[in-house]
Ligand SMILES: [Zn+2]
C-alpha cells in the first residue's frame, strides 16, 4: 500500500480512498463461483457422456454446474477442417464453450494437460505433469466449492479406455481427497497480506471438502454398479423434450468430432432418437464415495446439507497384509490395485475384471509382476496360453528372481488380423519346477480399431 501512496504523491494527486479492509472484517469466499456440481473431464466433448444428467440437473432441478477440461483435445483428427494440433485446440475450446453454453454453464476451465491418445494412464499422467495439474484442480475445487464431483472412472476397461480419461479420474479422485486438507498446496489457502494492493503472492482460498464423488465409464460394454439412475426417455418439464434429446443437442457444436456431432444430428433427425446405436434407456452414474451418510443408489444430492463438510482424510496407502502372489498383472492393473483402497474407492475394483480392447493385426502388451517371497533366488518358468491365431512374441521362459524382489516382465502377443465377435481369454502361468504357483487372465476384445496401448 505504501508504494501506491507514494505513486499518487509523485503525480501530485489527491490520495484516493483505497483502504485496507477493516481489521477483523469477515471476507467469505465469493458466492459467484460456488457450484453444486463440478465435472472433471479430459477433452472437449467428454461432457456429452453425462450430458443428459447435466441437462436434468441444470434445467429442472435448479442445480449449478462448472466444468474442467484437462486439455483441449489437440491430439484427435479434425472431421470439419484442415486445422490440426494446437490450431485445432483453439477451435475445440470454442466448440466446447458453445456446447456448455447450451446448458447455461459458463464456468469452464481448460487446463494444460497435453492430449495424449492411448490407453496408458501413466503416459497421460507423465505428459500432463501430474503434480502441476493436481495443484490446479485442487485450486478450482477450493474456488468453486462443489457439493459433488463427477469424473471418468479410474479403471482399466475394454473400450476407448483413454489414458487421458483415466488420468482425469485419477487426478479428480486425488483432488477430492486433498482440497479439504489445509496442508496441501498451502499457498492457495493463505490469506493475502494486502488484498487491495498489487502483487499478493498467496491466494486467499479456503480448504473445501467435496461431499460426493461419482464416476462414468468409456467401456464399450455397460458397467453395472451402484449409483443413481434415471430414465433418459423422460421428458424435461421445462424444455418439453426428452433428456436424451437434450443430451444429443449438447453434442452438436463439436463439429471437429463428427463421431459426436454428426451422430447426434442423425439421431435427432430420427422419429425416435432412441434408435441411436448404443442407446440405453437408463442412465446410471457409478457411486465412488461420500463423506455424508447416504445410499449409493440414492439421488446424487441425497444426504447433502448446505455448508462446508469437515475434512475426511482418505485411508492412504497401506502396506498389504498379505504376501503378494508370485504372479500378478503389472502396469496400470498394479497401480489401480493400490490406488483404489488408498482413496477409499475399493467398490470400483470389481466393476470390471481384467480386460482390454486392441486393434486386429496389432500386438498386445501384457505387463506382469513376478514376486519371490523367499530368501533365496527363485527360478520361475513363465508360460502363456493364447487362442489359435494369436502368437506369443515375448514373456515366456525361465526367469530368475532375486530374494524378496518384485520383478517386472513384459509379455507381447501378436494378434490375429481379423476382429473377433467375442473376447478371447489369454492366460499366463508361473511354475517352479513342475508345481504351478498361479496364473493371471486377461480378456482381450479384438476390434477393427482401438487406441494404441
Ligand atoms: Zn475424451
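The values are calculated or read from the model by the stated rules, or taken from the named source; none is laboratory data. Please read all numbers here as calculations on a predicted model, not as lab measurements. A quick note on method: Cβ atoms are made from the backbone with ideal geometry, for glycine too, and the neighbour counts reach across all protein chains shown.
For segment 293-314, the tally of residues that are loosely packed, with under 12 Cβ neighbours inside 10 Å and touching a helix residue (DSSP H, G or I) at 6+ places or on another chain (Cβ under 8 Å) stands at 1.
Yes/no per residue for (1) more than 16 Å from the ligand (Cβ to nearest atom); (2) within 20 Å of residue 285 (Cβ to Cβ); (3) not in a loop (DSSP other than H, G, I, E, B):
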{"site": "210", "(1), (2), (3)": "yes, yes, no"}
{"site": "225", "(1), (2), (3)": "yes, yes, no"}
{"site": "259", "(1), (2), (3)": "no, no, yes"}
{"site": "267", "(1), (2), (3)": "yes, no, yes"}
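If the condition is being within 12 Å of the ligand (Cβ to nearest atom), in contact with a helix residue (DSSP H, G or I) (Cβ under 6 Å, 6 or more places away or on another chain) and assigned to a loop (DSSP other than H, G, I, E, B), then segment 34-53 contributes 42, 44, 45.
Just to be sure, is residue 410 in contact with a strand residue (DSSP E or B) (Cβ under 8 Å, 6 or more places away or on another chain), in contact (Cβ under 8 Å) with a residue 40 or more places away in the chain and surrounded by fewer than 13 Cβ atoms within 10 Å (Cβ to Cβ)?
Details: in contact with a strand residue (DSSP E or B) (Cβ under 8 Å, 6 or more places away or on another chain): yes; in contact (Cβ under 8 Å) with a residue 40 or more places away in the chain: yes; surrounded by fewer than 13 Cβ atoms within 10 Å (Cβ to Cβ): yes.
Answer is yes for this residue.
Looking only at residues in segment 54-73 that are surrounded by fewer than 21 Cβ atoms within 10 Å (Cβ to Cβ) and not in a helix (DSSP H, G or I), the one that is farthest from the ligand (Cβ to nearest atom) is 62.
Scan segment 273-283 and tell me whether some residue there is over 18 Å from the mean Cα position of the chain (by Cα), surrounded by 15 or more Cβ atoms within 10 Å (Cβ to Cβ) and modelled with pLDDT of 95 or more. Within segment 273-283, not a single residue is over 18 Å from the mean Cα position of the chain (by Cα), surrounded by 15 or more Cβ atoms within 10 Å (Cβ to Cβ) and modelled with pLDDT of 95 or more.
Looking across 308, 320, one residue alone is at pLDDT 95 or above and either closer than 24 Å to residue 160 by Cα or not assigned by TED's automatic domain parsing to the domain that holds residue 56 (or both). It is 308.
Residues in segment 156-187 that are more than 15 Å from the ligand (Cβ to nearest atom) and within 28 Å of residue 299 (Cβ to Cβ): 173, 174, 175, 176, 177, 178, 179, 180, 181.
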